[in-house]
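Notes to accompany the following structure.
The values are calculated or read from the model by the stated rules, or taken from the named source; none is laboratory data. The model shown is predicted, which means the values in this text are computed figures rather than measured ones. We place every Cβ from the backbone using ideal geometry, glycine too, and count neighbours over all the protein chains shown. To get the accessible areas, we keep the full protein, side chains included, count just its heavy atoms, and leave off ligands, DNA and RNA. Shrake-Rupley method; radii C 1.70, N 1.55, O 1.52, S 1.80 Å.
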Amino acid sequence: MRGKRLFGTNGVRGVAGVDMTPSLALSIGLALGSMRKGSIAIGRDTRTSGPALGCALKAGLLATGCDVTDCGILPTPALQYLVRQHFDAGAVITASHNPPEYNGVKVIEPDGTEMGDEETIRLELRILDEKVPLVPWNAAGREYQACHLVHEYIDAVVQKFLPGIGEGITVAVDPGCGAACATTPEILTRLGCRVFTINSQMDGNFPGRPPEPSTEGLLPLGDLVRATGASLGIAHDGDADRAVFLDEQGRFIEENKEFALIASQVCGIQKGTIVMPVSTSRVVETIARNCGCDVKYTPVGSIYVARAMRALEAEGTLVAFGGEGNGGLIYPDHQYCRDGGMTAAMMIAILAKERCPISELVAAMPEFHLIKEKIRGKDPAAMIERLNSEFSRESIDRTDGIRINRADSWALVRPSGTEPLVRVIVESPQKETADLFFDEIMQKLGK
Ligand code: MG
């Protein structure tokens, strides 16, 4: 089977006006409209190129006979929720955490999940190779505006928690001028929290910080946490499928620890399998097993996590939780996609229950040392096969690239989908062990 050419693990992405153009958006609209008949929801993040791409995408959908409901600016998980509730498919115009000049399109299936590989390849073939039939004048689609629908998503998240669960809790929120401006401050206010915000005006120039919620970009949020005496700082990426946190002293909480902390909370209520990509820190597996839960590893990419969760459920396995070690967490009794607003609310529930500073809960997590590097090489696949034979006597997992598991450490080496390089992750409780393991891999690769 041919691989995907336009679409990566998170849809089509590119620099607006260069590779992500209105004509490409139009082609995606025409292709999707000819593949998924009926009523299609579209939404976007706050990027300046969003309206032009949105109009082009809509034109393609309408011309192929689909009705289009434009939900305006909202988080990706909000559109995913609305698609599952009301529509036959959806598309979000977003480049997630990428810099402001980027944009892209993610296609959403009727069940609210992102389109899987096979269907994406079919869609691409239509975009690249085929002439899509247009409908006659009396079959053209209708356009509806429905910016108010985002409130259904907000209601759905709020209803997952006890009324007033956030009372007495002060939080500082940084939506980064992205799509979460429309949702997270309101969700937290409705849970009863006292909410302070920074970068909470929608602005596709991202004047406050880049859409990626990095430690550096969140320094002003840290200041706001300390100035307001907040118990927690909350930040999102551009389309708010991820949430990251600062503790009450304004210090960044590493996202694998965030995953483990929320996993322990979720598994306290509902035991079952926890699903995560092979790139996730072992801290999550350790906490999961301590809670009496099983773990299942998938290839890297949230869509693989979401689809594995659905497949496990279909075969009768109870799935408790899933996610990635980047603040993108999936709550199966809410929806099968990463949800930043839900993650923000879940941290409030943890604070309400534990009644202690979040830094204490983080400090109770097992410590680990993580090394992440990119290693250039002409033939990434050959580099991985070489490691496969070099480490053949060890415990090896070939779910994605190669993961070498040792007693208290592990290493993952996987090819980049887009560049001639491999990504290497090594983790160990001790820095020295991680360094030695990393050196060993470099030596076997002849680096
Ligand atoms: Mg995102």
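Would you list, by chain and number, the lysines whose Cα falls below 24 Å from the Cα of K58, excluding same-chain residues fewer than 8 positions away? Straight-distance partners of K58: K4, K37, K106, K131. Nearest 5 is fine: what % of DSSP beta bridges in the chain come out antiparallel, could you say? If I count the DSSP bridges inside the chain, around 60 percent turn out antiparallel. Orientation-averaged projection of region 369-444 equals 4.6 nm² [convex hull of Cα atoms, one quarter of hull surface area].
With the helix formula -39500 (n - 2.57) applied to DSSP H stretches of n ≥ 4, the chain reaches a computed 222 nm mean residue ellipticity of -11000 deg cm²/dmol. Highest mean packing comes first when the peptides 161-171, 133-143 are listed by Cβ atoms within 10 Å, giving 161-171, 133-143.
Solvent-accessible area of region 369-444 (1.4 angstrom probe, protein heavy atoms only): carbon and sulfur portion equals 48 percent. Summarising the overall dimensions of region 152-250 from its C-alpha atoms, the Rg and Dmax are 12.7, 37 angstrom. Report, in listed order, any pair from K374/K431; K257/K296; K353/K431; K374/K447 with a Cα-Cα distance greater than 22 Å. Going by Cα-Cα distance, K353/K431 fall outside the 22 Å limit. All other residues whose Cβ lies under 12 angstrom from that of I187 are scored, Lys and Arg at +1 and Asp and Glu at -1, for a net of -1.
Near R142, within a Cβ-to-Cβ distance under 12 Å, what is the net charge of the other residues, with Lys and Arg +1 and Asp and Glu -1? With Lys, Arg at +1 and Asp, Glu at -1, the neighbours total -2.
The residues of region 369-444 present an accessible area of 53 Å² per residue when probed at 1.4 Å with all protein chains retained. When you count the other C-beta atoms within 10 angstrom of each residue and take the mean per peptide, 190-199, 431-440, 69-78 line up highest first as 69-78, 190-199, 431-440.
Sequence-distant contacts, meaning Cα pairs under 8 Å at least 6 residues apart, place the relative contact order of region 256-409 at 22 percent. Overall form of region 12-149: rounded. Here a/c, set by the Cα gyration tensor axes a ≥ b ≥ c, is under 1.5. Note on the chain: GNM, Cα springs under 10 Å; of R403, R209, R122, the largest mean-square fluctuation is that of R122.
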